Amino acid sequence: MASVNGALARALLRLFAVQGSYNYERLLGVGVGVAEEPLLRDLGDPKYRPAVARGAHFFNAHPYLIGLAVGAAARAEHDGARPDQIERLREALCGPLGSLGDRLVWAGWLPFLSGLTLAGVALGAGWIAVAVFLIVYNIGHVALRWWALKAGWTHGARVSIALHHPVLQKALALLGPAMAFAVGAALPLTAAYLSAPFDSWARVALAIVAALSFLALRLRGDRINGLRLSLALSAVALVVALIWP
């Protein structure tokens, strides 16, 4: 068991760099193969090299949950699954892991904590709120990576059991409303905090610019995007600052 835990720990460390070898041919595949390699070392010849090669085939999913695929594929190799079964397992996991990770992290955990942090800064917590955000967010994301890797190794080809874990389902149900509440509360607090140094007329002008920008994106989204609009507004603000008496 100690050797397995050591291999899992090495795989976890490699998972932090899973996006480092991203390319358009295999996407995250090479990083997945590198992360899976410590779990395959005790396969021995002639299984080791083909297993490592399979691990580096095309793969794409959410980076925080990709450990489920790494652990499941490695366990399937140890359990003697056929190569075509392992390939099908990897293919079947791409979509669910990507969708689940996006909803859980990018549309839940990250904006939820970001909203709380913005509200905390606006209420006077300052850098303490930022530090708490960094600590809590990283504790959560590292714990998610470790759970995914261990769950994949535990369940192997039956990894769908882990995808339906009650804790994951409860987190998905709670994080959506919690994120909406946190961001909704943070928006007016942050707007008031950022506009405090401006005069009343400047606040009105900023509100008008924000409203016009929203309408432009809403009505002419085919020709205007957020990047172009922000660059244009930045250029206008720079010119105004240079000529303002």
request  = Within the range 85-131, track down each residue that is in contact with a strand residue (DSSP E or B) (Cβ under 8 Å, 6 or more places away or on another chain) and not in a helix (DSSP H, G or I).
outcome  = none
message = Every residue in the range 10-26 that is at pLDDT below 95 and outside any loop (DSSP other than H, G, I, E, B), please.
response = N23
remark   = Per the filter on the range 200-220, residues of a type in the set (F, W, Y) and under 18 Å from V240 (Cα atoms) are W201
task = Quick one: which residue in V183, V159 is over 30 Å from N5 (Cα atoms), surrounded by 12 or more Cβ atoms within 10 Å (Cβ to Cβ) and touching a residue at least 12 places away in the same chain (Cβ under 8 Å)?
result = V183
request  = Have a look at A53, A92 and point out the one that is under 17 Å from E37 (Cα atoms) and not charged (D, E, K, R).
outcome  = A53
Pairs, first more than 16 Å from A237 (Cα to Cα) in the range 197-216, second in a helix (DSSP H, G or I), C-beta under 9 Å, six or more apart = A216/L229
request  = Kindly provide the set of residues from the range 186-224 that are β-branched (V, I, T) and surrounded by 11 or more Cβ atoms within 10 Å (Cβ to Cβ), ordered by number.
outcome  = T190, V204, V209, I224
query = Only one of R223, R228, R218, R158 is farther than 26 Å from T117 by Cβ, modelled with pLDDT of 90 or more and among the charged types (D, E, K, R); which?
reply = R158
ask   = Can we say L174 is in contact (Cβ under 8 Å) with a residue 12 or more places away in the chain and not hydroxyl-bearing (S, T, Y)?
value = no
ask   = Given the conditions (1) surrounded by fewer than 19 Cβ atoms within 10 Å (Cβ to Cβ); (2) within 20 Å of G156 (Cα to Cα); (3) small (G, A, S), which single one is not true for A11?
value = (1)
task = Kindly establish whether A122 is in the same structural domain as N23 (by TED's automatic domain parsing), crowded, with 19+ Cβ neighbours inside 10 Å and either within 17 Å of I161 (Cα to Cα) or among the charged types (D, E, K, R) (or both).
result = no
inquiry  = Being modelled with pLDDT of 95 or more and either closer than 16 Å to W146 by Cβ or charged (D, E, K, R) (or both) is the requirement here; does G6 meet it?
reply    = no
request  = Report yes if some residue within the range 37-58 is within 20 Å of H141 (Cα to Cα) and surrounded by 17 or more Cβ atoms within 10 Å (Cβ to Cβ); otherwise report no.
outcome  = no
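The values are calculated or read from the model by the stated rules, or taken from the named source; none is laboratory data. Remember, predicted model here, so these are calculated numbers, not experimental data. With ideal geometry, Cβ positions are generated from the backbone for all residues, glycine too; neighbour counts draw on all protein chains shown.
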